[in-house]
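Okay, structure first, notes after.
The values are calculated or read from the model by the stated rules, or taken from the named source; none is laboratory data. Model, not experiment: these values are computed from the prediction. Backbone-built Cβ (ideal geometry, glycine too); neighbour counts: all protein chains shown.
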Amino acid sequence: MAKTAQDIMQMIQEHDIKMVDFKMVDIQGQYRHVTIPAAHFNEKTLTSGVGFDASNYGYAVVEKSDMVFIPDPDTAAIDPFCEIPTLSMTGNAMIIGHPENRPLAQYPRNIVLAAEQYLKDSGIADTMLILPEFEFYLFDQVGWQVEPNAVSMSLDANQAHWNSSTDGMGCVIQKQKGYHVAKPFDPTYECRSEMCLLMEEAGIPIKYHHPEVGGSGQFEIEPQLGQMSKMADATMMIKYIIRNVALKHGLSATFMPKPIFGEAGSGMHVHMLLLKDGEPVFSDDNGYSHLSQTAHYFMGGLLKHIASLCAITNPSTNSFKRLVPGYEAPVTVGYATSNRSAVIRIPAYAKTPNMRRFELRNPDATCNPYFCYAAILMAGIDGIKNKIDPHENGWGPYDMNLFNLPEEEKKKLKGLPTTLEAALDALEADHDYLTAGGVFPEILLENFIKTKRAECRQLANIPTPAEFEKYYNL
């Protein structure tokens, strides 16, 4: 049952809440927040909201930037990281209007809700369930410097192989050998368990957590399947919890796709399936890997638009340092069962009809999750509407290790973009599937591309230590 203002005020009274915190999301997918004294919260707060400057969030020009944030009472939860008792809520942004406010179409949460409505209106399904896998690194120390006379970064994880001579206890892990290692080689176990317990308390059911391949402090936390819009909110909260619990334990958490040269990169693989009236849309006992034709069309839409999707699902220059051969990261446009070298993998262990699904393996957690999940759904709907069959288009199934193919065979395969600039070029040329039904406003895509191109230009102008090593003495 949806919460009301009375429910919120009762929570405030029962838990002796002193402050109410409103968490908003900017165009990059980061939390911003504004806080009011709990004594000032009332029914009007949920209708009139809190004013803010949307130009600082990347959604509006300065001269038309006054917006209002309307909190969603269903997201109310006690923030475990505030010393002063604080109730936290997220919600939606609105354009101030007369006589009524109207939704700010560019706001991430409004976009994911619009995508869900577009799915329902299509008649294909009424629910999309997703399961993002959160890979991240935990470091004991990290620092960086970008100055005219010094460009550097340093990091350390006590368990990393480079500490083998100084550890003193021999509890280090070989490079790329961290997968599922147990104590005493898993020093952050309690930290991650605390993360998962707080996620459960926040209403996010967790499947498991474990060490990942990267031996220098890489881990994974995986939630259970959830409705797309709710999982977008949960994604923000999961990252918030991971970062804050890590800090409490004297660690630094990063979702950076490739923080360490030579180690595994961190992705955010997204599993997905559709339901209609509670029944699975993707299941077919007679289909390839027990998937229906509708599921194949959905995959076809993803594969057709994968280059432009990468601009949204992998929106950092660092993202493309992960999408390289040799680290179980996808580089090939294709699909297959149990094959981590293709961009779409169908898990063989998902055997029951209501669990049959596939995962998109290229996304990473530098994305704005609202944009990412909505874009994935819109590409899939486009595939279904236009009956884009992945097999007929030559995208698989690739039931072999694509990394080990002879070079002549590899040349026949289509690859993912290798730079953010190339992905942005693709998004500029191919985005009609996103603007269908008015889900992604054209102005948002223009702002997004403009912002990301500026990032690319800025980073391309900065010399790196690796360039000194390569070119200094030429």
> Taking region 17-52 only, how many residues are out of contact with any strand residue (DSSP E or B) (no Cβ under 8 Å at 6 or more places or on another chain) and at pLDDT 95 or above?
Replying inline: 0
> So GLU100 fits all but one of (1) assigned to a helix (DSSP H, G or I); (2) surrounded by fewer than 22 Cβ atoms within 10 Å (Cβ to Cβ); what number is the exception?
Replying inline: (1)
> From the list HIS209, HIS161, which residue is free of Cβ contacts under 8 Å to residues at least 60 places away in the same chain, within 30 Å of TYR373 (Cα to Cα) and not assigned by TED's automatic domain parsing to the domain that holds PRO80?
Replying inline: HIS209
> Out of the residues in region 133-187 that are part of a strand (DSSP E or B) and among the acidic types (Asp, Glu), which is nearest to MET228 (Cα to Cα)?
Replying inline: GLU135
>> Looking at region 1-43 only, could you name the residues that are polar (S, T, N, Q), surrounded by 14 or more Cβ atoms within 10 Å (Cβ to Cβ) and in contact (Cβ under 8 Å) with a residue 60 or more places away in the chain?
In response: GLN28
>> Residues that are of a type in the set (D, E, K, R) and in contact with a strand residue (DSSP E or B) (Cβ under 9 Å, 6 or more places away or on another chain), at least 3 per element: which strands (runs of 3 or more DSSP E) completely within region 247-345 meet that?
In response: none
>> Which numbered condition in (1) surrounded by fewer than 20 Cβ atoms within 10 Å (Cβ to Cβ); (2) farther than 20 Å from ASP7 by Cα; (3) at pLDDT below 90; (4) more than 25 Å from the chain's Cα centre (by Cα) is the only one that SER55 fails?
In response: (4)
>> Name the residue that is nearest to ILE17 (Cα to Cα), counting only residues in region 117-127 that are outside any loop (DSSP other than H, G, I, E, B) and in contact with a strand residue (DSSP E or B) (Cβ under 7 Å, 6 or more places away or on another chain).
In response: THR127
> Among LEU274, LEU225, which is farther than 28 Å from PRO184 by Cβ, among the aliphatic types (A, V, I, L, M) and over 18 Å from the mean Cα position of the chain (by Cα)?
Replying inline: LEU274
> If only one of ILE204, ILE130 is assigned to a strand (DSSP E or B), in contact (Cβ under 8 Å) with a residue 24 or more places away in the chain and touching a helix residue (DSSP H, G or I) at 6+ places or on another chain (Cβ under 6 Å), which one is it?
Replying inline: ILE130
> Is at least one residue of region 455-474 among the basic types (Lys, Arg), outside any loop (DSSP other than H, G, I, E, B), out of contact with any Lys or Arg (no Cβ under 7 Å at 6 or more places or on another chain) and exposed (fewer than 13 other Cβ atoms within 10 Å of the Cβ)?
Replying inline: yes
>> Being surrounded by fewer than 24 Cβ atoms within 10 Å (Cβ to Cβ), among the hydrophobic types (A, V, I, L, M, F, W, C) and outside any loop (DSSP other than H, G, I, E, B) is the filter here; which residues of region 347-376 pass it?
In response: MET355
> Can you name the number of the only condition in (1) touching a helix residue (DSSP H, G or I) at 6+ places or on another chain (Cβ under 7 Å); (2) crowded, with 21+ Cβ neighbours inside 10 Å; (3) modelled with pLDDT of 95 or more that LEU303 fails?
Replying inline: (1)
>> Any residue at all in region 83-92 that's under 30 Å from PRO37 (Cα atoms), outside any strand (DSSP E or B) and free of Cβ contacts under 8 Å to residues at least 12 places away in the same chain?
In response: yes
> Got at least one residue in region 319-330 being of a type in the set (S, T, N, Q) and either surrounded by fewer than 24 Cβ atoms within 10 Å (Cβ to Cβ) or within 23 Å of SER283 (Cβ to Cβ) (or both)?
Replying inline: no
> In this structure, does ALA105 turn out to be crowded, with 16+ Cβ neighbours inside 10 Å and either at pLDDT 95 or above or assigned to a strand (DSSP E or B) (or both)?
Replying inline: no
> Inside region 419-446, can you point out the residues that are assigned to a helix (DSSP H, G or I) and either of a type in the set (D, E, K, R) or farther than 12 Å from SER308 by Cα (or both)?
Replying inline: GLU421, ASP425, GLU428, ASP432, THR435, ALA436, GLY437, GLY438, GLU442, ILE443, LEU444, GLU446
> Any residue at all in region 101-114 that is farther than 22 Å from GLU446 by Cβ and touching a strand residue (DSSP E or B) at 6+ places or on another chain (Cβ under 6 Å)?
Replying inline: yes
